[in-house]
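Below is one structure, written out as structure tokens, with a few remarks after it.
The values are calculated or read from the model by the stated rules, or taken from the named source; none is laboratory data. Fair warning: this is a prediction, and the values are worked out from it, not measured in the lab. As a convention, Cβ positions derive from the backbone with ideal geometry for all residues, glycine included, and neighbour counts pool all protein chains shown. Ligands, DNA and RNA are excluded from the accessible area calculation, which covers all protein heavy atoms including side chains. Shrake-Rupley method; radii C 1.70, N 1.55, O 1.52, S 1.80 Å.
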Amino acid sequence: RSHNPTRRLLEDAVGQLEIASWNTRGSDLEEKSSSEIAPTFAFSSGMAAVASLFLAHSSPTKVFLPKDVYHGVPTQLYTSLNDHGVSHEAVDMTNKQEMLQKVEESIDLHNNINSERANPATVIVWLETPSNPLCQVTDIREICQAVNGLKGKYESVRITSVVDCTWAPPCI
């Protein structure tokens, strides 16, 4: 089965916390009522969540990972997800310019090779902060703003930022 009452309660509770968090920060998102719930999904493991997230995007998908990342993520990418059109590259996420250069090179290469392709490419910029195992800290806001800037430049590409903050979860 895909749901059970306990997991649904957890997902709803976390979704309400996410909406409340956005409302108190005065975000650019449209104002949400306290009764709204952000789309939230609970998984039995972090790696199940990772696989689900990558497979939810249309292929081809290029994932940019930090050079210092939990070993399970790239292992899953090159063992099982590679067969589903998901490729990856490691970059220094503490260096915004290097990250942007690698992402733009990848998009330009895809667009040159697949100019008639109906499906746009998908790019996922995966942040892990603090990183595992070296505890490097990435400026989430800086990288996400840079990635959002690419969305306007490359409208034919789906670009998503993902932040794994396993080692620094928000206070609940």
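The rows are residues; the columns are (1) open to solvent by 70 Å² or more (accessible area, probe 1.4 Å); (2) modelled with pLDDT under 70.
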site	(1), (2)
Arg1	yes, yes
Pro5	yes, no
Ala13	no, no
Gln16	yes, no
Ile19	no, no
Trp22	yes, yes
Arg25	yes, yes
Asp28	yes, yes
Thr40	no, no
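If you check every pair at least six apart or on different chains, which have Cβ atoms under 8 Å apart with a residue in the range 83-95 that is among the polar types (S, T, N, Q) first and a residue that is open to solvent by 50 Å² or more (accessible area, probe 1.4 Å) second?
Qualifying pairs under 8 Å: Thr94/Gln136; Thr94/Val137; Thr94/Asp139.
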